[in-house]
Every structure is written in C-alpha cells, then in structure tokens.
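For reference, the structure discussed in these notes is given below.
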Amino acid sequence: MRIIGVTGGIGAGKTLVSSILKEFGAVVIDADRLARDAVEKGKTAYEKIIKEFGTDILDDNLDIDRKKLGQIVFSNPLLRHKLEEIVHAEVVDCIFRKLDELRQNGYNGLVVLDVPIPVRHGFQDVADEIWVVTASEETRIKRVQERSGLDREEVIRRMQSQLSQEDYTALADVVIENEGSKEALKKKVEDLLDKK
C-alpha cells in the first residue's frame, strides 16, 4: 500500500489533486469529511465542543452551526487550537481505523490522505510521501470567494489562521503549483505517478 499525504492551504487545490488521484484509482480518505462527521450529534467530539464553546453555537436542530463556530475560532488562535485538538483526535483515530481496514482486506494500491492541517501523528508519520499543493495568494483568495461566497477579508483571515505556504512546502516531498487549468493539473499529477 502506498500512502500519499496531500495538503496545502485553503484555495490551493489539494482536494482537486485528491480527486484526480481518485480518478487514477486511489482510495481517498478525506480529513475534512471525517471532521464534519466527528462533530455530528451523538459523537464524542460534538459533546466536547459543546462543553468547550457552549450552546450558542447550535442551530435550531441542535446541530453545530459551523459558521457561528468558525466566526469564533478564526478570530481567536487559542480557541481555534482547542477546537483543532478536539476534532483532530477523532479524525486521526478514524484515519488509523480506515488504514487498518484496507490492510486487513489486502488492499495494496494507492491511498490518499487529503488533510488541510498536516499534523505529525496520523498524517506525517503514516504518509510515504507528502504532496503540497500551492497557488498564489490572489488565486487562492479568488477560488475561495467563488466557492464560498465569503468576503475578501474573511478569506484572508482564514488563510492567515493556517500555516504559511512556506511552512507547508517545508514538509513536502513534492510541491505541485496549481495556477492553471484542471487539465494542466491532471497532467502534473499523472507525470508524478508515472515517475514513482
């Protein structure tokens, strides 16, 4: 089994790279999706988040309102770190369970860990190689605005809450610049797979 960790800052295109790898037959483990699942009602992380942040972050259905929670944590690094600790523990456990499941079923193909925050345990320590996707700040801002409807200042605040692009690339075995079309990106990914 070959495990590629794909990461990069918001708007860089890591999810697109992961989806291209999926087209080439990879099993993708999406940490964002696992994080969303982890905070659903009845899950351990849900209870811990309510205990930490209170019930004001809940919507009418008693689900966590991600927008309300985001407004709190993206403006406060300490609270953001606390939330990340709670959610990461659940996500990492789930990643290990999924990898064990694949091994037990005899899978020996390509696995992609699509992870926005390149934590050491559960990402760096299990990936055979780390691919970091990069793009210019303006490109990233434009992409995030187009897909989320957030204003420019909010996008910049979210970008600043993440690692810098330099910190991401310092972890990389492979850096993929994503300034062009999906076809150009697909060709880069295909070339990288062919080299291995």
Note on Gly122: of the conditions (1) under 22 Å from Ser164 (Cα atoms); (2) touching a strand residue (DSSP E or B) at 6+ places or on another chain (Cβ under 9 Å); (3) in contact (Cβ under 8 Å) with a residue 60 or more places away in the chain; (4) not acidic (Asp, Glu), unmet is (3)
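At pLDDT 95 or above, among the aliphatic types (A, V, I, L, M), surrounded by 14 or more Cβ atoms within 10 Å (Cβ to Cβ) and closer than 29 Å to Ile4 by Cα: does that describe Val91?
Details: at pLDDT 95 or above: no; among the aliphatic types (A, V, I, L, M): yes; surrounded by 14 or more Cβ atoms within 10 Å (Cβ to Cβ): yes; closer than 29 Å to Ile4 by Cα: yes.
Considered against the rule, which asks whether it is at pLDDT 95 or above, among the aliphatic types (A, V, I, L, M), surrounded by 14 or more Cβ atoms within 10 Å (Cβ to Cβ) and closer than 29 Å to Ile4 by Cα, Val91 comes out as no.
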Scan region 147-188 for residues that are closer than 12 Å to Val132 by Cα and either of a type in the set (Lys, Arg) or assigned to a helix (DSSP H, G or I) (or both) and jot them down.
Gln165, Glu166, Asp167, Tyr168, Thr169, Ala170
Kindly provide the set of residues from region 96-123 that are buried (at least 19 other Cβ atoms within 10 Å of the Cβ) and in a helix (DSSP H, G or I), ordered by number.
Leu99, Gly122, Phe123
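Going by what's in this entry, would Ser164 be described as under 19 Å from Val17 (Cβ atoms), of a type in the set (Gly, Ala, Ser) and loosely packed, with under 12 Cβ neighbours inside 10 Å? Talk me through it step by step, then tell me what you get.
Values: under 19 Å from Val17 (Cβ atoms): no; of a type in the set (Gly, Ala, Ser): yes; loosely packed, with under 12 Cβ neighbours inside 10 Å: yes.
No; evaluated as a whole, the condition is false for this residue.
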Between a first residue in region 78-107 that is under 20 Å from Arg36 (Cβ atoms) and in contact (Cβ under 8 Å) with a residue 40 or more places away in the chain and a second residue that is assigned to a helix (DSSP H, G or I) and among the charged types (D, E, K, R), which pairs have beta carbons less than 8 Å apart while being 6 or more apart in sequence or on different chains?
Ile86/Lys48; Ile86/Glu52; Cys94/Asp37
Search result, residues across region 50-80 that are under 22 Å from Asp30 (Cβ atoms) and not aromatic (Phe, Trp, Tyr):
Asp63, Ile64, Asp65, Arg66, Lys67, Leu69, Gly70, Val73, Arg80
So Asp114, is it of a type outside the set (A, V, I, L, M, F, W, C), in contact with a helix residue (DSSP H, G or I) (Cβ under 8 Å, 6 or more places away or on another chain) and within 20 Å of Leu193 (Cβ to Cβ)
yes
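Please work out if Arg147 is basic (Lys, Arg) and either in contact (Cβ under 8 Å) with a residue 24 or more places away in the chain or crowded, with 18+ Cβ neighbours inside 10 Å (or both).
Numbers: basic (Lys, Arg): yes; either in contact (Cβ under 8 Å) with a residue 24 or more places away in the chain or crowded, with 18+ Cβ neighbours inside 10 Å (or both): no.
No: the conditions fail for Arg147.
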Criterion: surrounded by fewer than 14 Cβ atoms within 10 Å (Cβ to Cβ), touching a residue at least 40 places away in the same chain (Cβ under 8 Å) and of a type outside the set (Ser, Thr, Tyr) - qualifying residue of Glu183, Glu179
Glu179
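The values are calculated or read from the model by the stated rules, or taken from the named source; none is laboratory data. As the structure is a computational prediction, the values presented were derived from the model and not from experiment. Neighbour counts are summed over all protein chains in view; Cβ atoms, including those assigned to glycine, are modelled from backbone coordinates with ideal geometry.
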